[in-house]
Amino acid sequence: MLSEIVFYVNDKKTVFSGNPLTRLIDVLRDDLHLTGVKEGCGEGECGACSVLKDGKLVTSCIIPVGAVNGSHIYTIEGIRDTEKGKCIVDAFVEGGAVQCGFCIPGMVMAAYALLESNPHPDDEAIRQGISGNICRCTGYDLIVESIKLASERGGALWEK
Amino acid sequence: MPATGINDRIVRVDAAAKARGEAKYACDYTFPDMLYAYMIRSSIPRGTIDSIDMPNLPEGYYFISAKDIPPEGKNELWMIAKDWRCFADGDVRFVGETIGLLVGPDRNMLKYLSEHIEIKYTEMEPAISINDAIALKGGPIVGSDNVMCQLFVEKGKPMEEVFREADSVFEETIETGFQEHVHLETNAAIATIEDGKYTIYASAQCPFYISKAVAGLLGLEQKDIVIKQTTTGGAFGGKEHFPDVLCGPLLVAEYKIRKPIKLIFDREEDMLYSVKRHPSKITLKTALDKDGNILGIDGLVYYNGGPYLSGTYVVLQRGVFHANGVYDIPNTYVKGIGIATNTFPSDAFRGFGAPQTLFAIETHMEHIAKKFGFDPAEYKSRYFLKKDSETITNGHIIERVMLPEMLEKVATASDYWRKSKEYKTGEGRGIGISFYNHGGAFTGNGEQAIIKAHARLVKTGDRVRIEVGSTEMGQGFQTTLRKIAAATLGISIEQIDYDNPDTSKVPDSGPTAASRSTMIVGRLVQRCGEEMKERWNEGDFSVEKEYEHPEGHPWNQETFRGDAYLGYGWGCAAVEVEADKLTNEIKVVGIWSCHDIGHAIDELIVHGQVNGGIVQSLGYASMEKMENRKGYFKQTSMSDYVIPTSMDFPKQEWSLVENPYEWGPFGAKGMGELVFNGADAAYIDAVERALGITVHKIPMPPEDIEEALDAE
């Protein structure tokens, strides 16, 4: 079954013609070359492929492209140069949150979704907010600290 | 640009590109006309291959197997030995052994075709556990007794004499399980031909290991194969020898097909069909006097190696050399055996054999202390190694040992002494403590005799390029090494370049393993920098240095006697837990650590390593259960094999002691593995105290805790 799916990726209108069961991650990585979206597990467990779908954090490896018709999708490429995206990326870089880096684009997306809904989270809320994103390197402490830093530095930015 | 000082807080050089999603990992590379590969593997643990029935392959699809190796080549991967075959041929020895590579343009078609390959086997009874292998279940896999490798060390008096003098003997057997690396980036490599040379892009720790391992498949020499390391998304030992197992078949496919070919494991493949940490079975028999003082320890250490040697002998050696932990045991004899089974070959994993024996000795010492009514920390501290103490290999500790200071720091931060006394055993709350070390770099004179590491600095104008074979895999070496070069030269880190290694362009600095990179390669770069600084005004030039072993520290690699390690990292960790007595869920409420790594080159990077290593170790002890049933791993995905999330462990408190190492750059020693080596034992100590149980194995997820409670 072929169908035409229209959605927006990083504000760009995207038309997908093909099997609607194609995974969103494959469309993003293979067709749109958005390789900041990483595949860590292929079953929605690790969060490396996290993107925003209509403002909500989702794992693009278990979403069929047919399910995003009409949606707005943001990937790391779409937020990294925005004021909010830069705020998080800078905090991660300076705060020592990055080691091997494979989970980090997804982790930045999780931080973004968290700060959008809770501009000044405490440690517990941050740990909750990234609990769907697995990191094997850092033990999470410096990621948590970096998100706190982004929240403090961003200040009113996150309340907009 | 201001010069970078070694203690300046700087920003990690690779962080921004990674956080912005711009760093290119192996999966992100594409080439014109690129094909994909899918590995066809053995589906039984042991037997002979009777037939392989292939479906009709569409045009442009290939099946590559042992028969595609040219006559001048040999079907073997040269790791430490050459026993691991590139392709199974005639027989198979473990589930997941490579039989062939399907290659073609469409990944879905490859999967479809793979499901239509019919391989018929005559099955044999496999040996899965260490006990199976000792009992020669199904007949020997290796030699006549399944012993792949063995060694012993001894110190002091003969053990018969020691046990004759003993008032009592305390004996127990402690077992540790498989552990899967779960680097977030799965194994991946791409083979192609560039400038007429076979070229492999690989997610790997040791590019020179790959070219050495695979060249012989085509009858070529190591220099004929070019390896380019791609940004590596975690490794932890899992990409030390194992990339050879991907790159070998890929090279043979490249020889036949001559187009770019990409092989990426999905998570299930990476979970089921990759190397793991060696499971162990360690028996410690300790001779004691009437007051509970240790007269001597007799140890027997088994590591499950799988059917091929890979890194097992070296892993086992390190295990045996760490078998007395951080303690000066007056008399000891420890024998280690690497035993062959029909499980996936075990190989390097952060700690490299030391975590198993360290867990065993820590837990054993703690059990003895409790038996005689001593506080475990106090009891263990009586035996701390000191400068000049004789080691288990009859060498000496040649540095100051700061364990007493480290214990004090951790005890103060955690309020250990009060909690240890006040928390009553079995009442749901417990604190545990452990001590550990890790010998830096290759054992003995291996750095000089085996590795012969080289490093080079190249000056062009006011920029300096570092040329080494060492890799960044997340541990921060791109930053650490640049910082060492900049601080030595008295220039800014911005003026230093250091690319992911390409084996055709850089000298072999030895593997990125054994916590040796900062200590050994960092020191080489420092020496290059010292000369370059003196000659700075000579224009453009390069300086290359080879490793030189400090004199006066003999080592005999035949008898395993002498100074095994010149500089150890040292550690102390405390863990506090609360146990839910209904569900047996353990909640960790506090983690404290102190480490001696000489001098920290970059404290923020060290902070991240400490946190990450300790969480991996706590996962190993608590939740990371990988079971092998009849040759098949039971845990196939990240939902069955659970590794720690952000919710599992609390924020850590950590500290360092300053103890500069004479032969390290700016006083630095190794640290990447050290921080894995001890939190497991502290956790188990805490769990035992909280629940009033005695533990003899890890991991201990809730269901195993329940079993232990029932046994009490």
Any hit, segment A:43-55, residues being within 14 Å of chain B (Cβ to nearest Cβ), out of contact with any helix residue (DSSP H, G or I) (no Cβ under 9 Å at 6 or more places or on another chain) and not aliphatic (A, V, I, L, M): yes
Neighbours by Cβ (under 8 Å, 6+ apart or cross-chain): first from segment A:86-107, more than 7 Å from chain B (Cβ to nearest Cβ) and hydrophobic (A, V, I, L, M, F, W, C); second surrounded by 24 or more Cβ atoms within 10 Å (Cβ to Cβ) and not in a helix (DSSP H, G or I): A:Ala91/A:Ala97; A:Ala97/A:Thr138; A:Met107/A:Gly47; A:Met107/A:Ser50; A:Met107/A:Ala97; A:Met107/A:Ile130; A:Met107/A:Asn133; A:Met107/A:Cys135
Qualifying positions in segment B:410-440 - crowded, with 21+ Cβ neighbours inside 10 Å and touching a Leu at 6+ places or on another chain (Cβ under 9 Å): B:Tyr416, B:Gly430, B:Ile433, B:Ser434, B:Phe435, B:Tyr436, B:Asn437, B:His438, B:Gly439, B:Gly440
Some residue of segment B:653-676 being within 14 Å of chain A (Cβ to nearest Cβ), in a helix (DSSP H, G or I) and either within 25 Å of B:Leu272 (Cα to Cα) or among the basic types (Lys, Arg) (or both): yes
Scope segment B:453-509; condition small (Gly, Ala, Ser) and within 14 Å of chain A (Cβ to nearest Cβ); matching residues: B:Gly474, B:Gly476
Close pairs (6 angstrom Cβ cut-off, 6 or more residues apart or separate chains): closer than 13 Å to B:Ala413 by Cβ in segment B:637-660, of a type in the set (Val, Ile, Thr) anywhere: B:Gln652/B:Ile591; B:Trp654/B:Val610
Cβ-Cβ under 6 Å pairs, at least 6 apart or on other chains, segment B:166-192 side more than 14 Å from chain A (Cβ to nearest Cβ) and among the aromatic types (Phe, Trp, Tyr), far side in a loop (DSSP other than H, G, I, E, B) and surrounded by 22 or more Cβ atoms within 10 Å (Cβ to Cβ): B:Phe178/B:Pro279
Number of the condition not met by B:Val675 [criteria: (1) in contact (Cβ under 8 Å) with a residue 40 or more places away in the chain; (2) surrounded by fewer than 24 Cβ atoms within 10 Å (Cβ to Cβ); (3) β-branched (Val, Ile, Thr)]: (2)
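Have a look at B:Glu558, B:Glu576, B:Glu546 and point out the one that is more than 28 Å from B:Val610 (Cβ to Cβ) and modelled with pLDDT of 95 or more.
That would be B:Glu546, the only listed residue that is more than 28 Å from B:Val610 (Cβ to Cβ) and modelled with pLDDT of 95 or more.
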Single residue of segment B:15-38 satisfying the filter (in contact (Cβ under 8 Å) with a residue 60 or more places away in the chain, touching a Gly at 6+ places or on another chain (Cβ under 8 Å) and of a type in the set (A, V, I, L, M, F, W, C)) that is farthest from B:Asn108 (Cα to Cα): B:Ala23
Strands (runs of 3 or more DSSP E) lying entirely in segment B:1-71 (those with 3 or more residues that are under 16 Å from B:Leu263 (Cβ atoms) and more than 14 Å from every other protein chain (Cβ to nearest Cβ)): B:35-41, B:62-65
Test for B:Glu405: is it in contact (Cβ under 8 Å) with a residue 12 or more places away in the chain, part of a helix (DSSP H, G or I) and touching a Phe, Trp or Tyr at 6+ places or on another chain (Cβ under 8 Å): no
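So that you can scan it fast, the table gives a plain yes or no per residue for (1) closer than 22 Å to B:Ala66 by Cα; (2) aromatic (Phe, Trp, Tyr); (3) in contact with a Ser or Thr (Cβ under 8 Å, 6 or more places away or on another chain); (4) not assigned by TED's automatic domain parsing to the domain that holds B:Ile49:
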{"residue": "B:Gly96", "(1), (2), (3), (4)": "yes, no, yes, no"}
{"residue": "B:Asn108", "(1), (2), (3), (4)": "no, no, no, no"}
{"residue": "B:Lys111", "(1), (2), (3), (4)": "yes, no, no, no"}
{"residue": "B:Ser114", "(1), (2), (3), (4)": "yes, no, no, no"}
{"residue": "B:Ile119", "(1), (2), (3), (4)": "yes, no, yes, no"}
{"residue": "B:Ser129", "(1), (2), (3), (4)": "no, no, yes, yes"}
{"residue": "B:Lys137", "(1), (2), (3), (4)": "no, no, no, yes"}
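Quick grid of which residues meet (1) outside the structural domain of B:Ala679 (by TED's automatic domain parsing); (2) out of contact with any Gly (no Cβ under 7 Å at 6 or more places or on another chain); (3) of a type in the set (S, T, N, Q); (4) modelled with pLDDT of 95 or more:
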site: B:Arg350; (1), (2), (3), (4): no, no, no, yes
site: B:His364; (1), (2), (3), (4): no, yes, no, yes
site: B:Val401; (1), (2), (3), (4): no, yes, no, yes
site: B:Lys409; (1), (2), (3), (4): no, yes, no, yes
site: B:Thr412; (1), (2), (3), (4): no, yes, yes, yes
site: B:Trp417; (1), (2), (3), (4): no, yes, no, yes
site: B:Glu427; (1), (2), (3), (4): no, yes, no, yes
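The values are calculated or read from the model by the stated rules, or taken from the named source; none is laboratory data. Every value quoted in this text rests on a predicted model; they were computed, and no experiment measured them. Note that each Cβ is placed from the backbone with ideal geometry, even for glycine, and that neighbours are counted across all protein chains shown.
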